[in-house]
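To start, the structure itself, in structure tokens.
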Amino acid sequence: MKQERMTLSQKELDRIRIIGALVDGRMTNREAAEKLGLCQRQIIRIKKRFVAQGAAGLVHGNRGRTSRRRIGDEVRESVLKAYEEVYYDFNFSHFAECLNEREGIRISRSSVVRILKDEGIRSKKSVRRRPKLHRSRPRKVAAGMLWQTDATSFEWFGRGTGVRRCTLILTMRRGW
């Protein structure tokens, strides 16, 4: 009998340990469902597969396969060629737009970024802003916590009243 080797993640090892305890009768379906964060129905399905196939039954069926939605090597090569020959001074976003409009290569910006970063190409930096001269005041924890006070000294009541100058004090709440 030929033995196969497989590499398991920590999550898969935990799953094997818990499902093994479930099969041995040391744990109930409900307890296993709570520990794995699954419903009881899912636990029953996984338990059947574990009994039939062993630990290999818990490994995801698509392991080792390439995605059907993977970008093909020819598209990847054409993106790299276009960037290195024509669009070498473009940033990634502008380059992705030009691929869609001019080159007819329908590909998302995130895919372009992934392809170029995998090749060690970094995006051209946009024009940097000047650093701010003053630091901003830290935000208050609640709206209305900043009060502003102002005072104005003036002859508010006129000359015939006997009152010379009075000071008007205004306090207002900011942040509303």
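The values are calculated or read from the model by the stated rules, or taken from the named source; none is laboratory data. Quick caveat, the model's predicted, so the values are computed rather than measured. Accessible surface areas use protein heavy atoms only, side chains included; no ligands, DNA or RNA. Shrake-Rupley method; radii C 1.70, N 1.55, O 1.52, S 1.80 Å.
Annotations
- Close amide-amide hydrogen proximity is noted between L146 and R174, each under 5 Å apart and 5 or more residues distant or on a separate chain (H modeled in the peptide plane; Pro and chain starts excluded).
- Most to least accessible of R173, R5 (protein chains only, probe 1.4 Å): R5, R173
- Helix axis angle, 109-118 relative to the chain longest principal axis, alpha carbon, degrees: 70 degrees
- Proximal lysine pairs, the chain, alpha carbons under 28 Å, eight or more residues apart or interchain: 14
- C-alpha center-to-center spacing [the stretch 55-78, the stretch 103-154] in angstrom: 37 Å
- When the chain is treated as a Gaussian network with alpha carbon springs shorter than 10 Å, the biggest mean-square fluctuation among R122, R69, R164 belongs to R164.
- Matching label, Cα extents along the principal axes in Å computed from the structure shown, candidates (i) 41, 41, 31; (ii) 52, 33, 24; (iii) 116, 61, 24: (iii)
- Mean separation of Cα contacts under 8 Å, 6 or more apart, over the residue count of the chain: relative contact order %: 11 percent
- Using just its DSSP H runs of length 4 or more, each adding -39500 (n - 2.57), the chain gives a mean residue ellipticity at 222 nm of -11500 deg cm²/dmol after division by all residues.
- Across the stretch 89-132, C-alpha contacts under 8 Å between residues 6 or more apart give a mean separation that, scaled by the residue count, equals a relative contact order of 45 percent.
- Heavy-atom accessible area order for C98, C166, largest first, 1.4 Å probe: C166, C98
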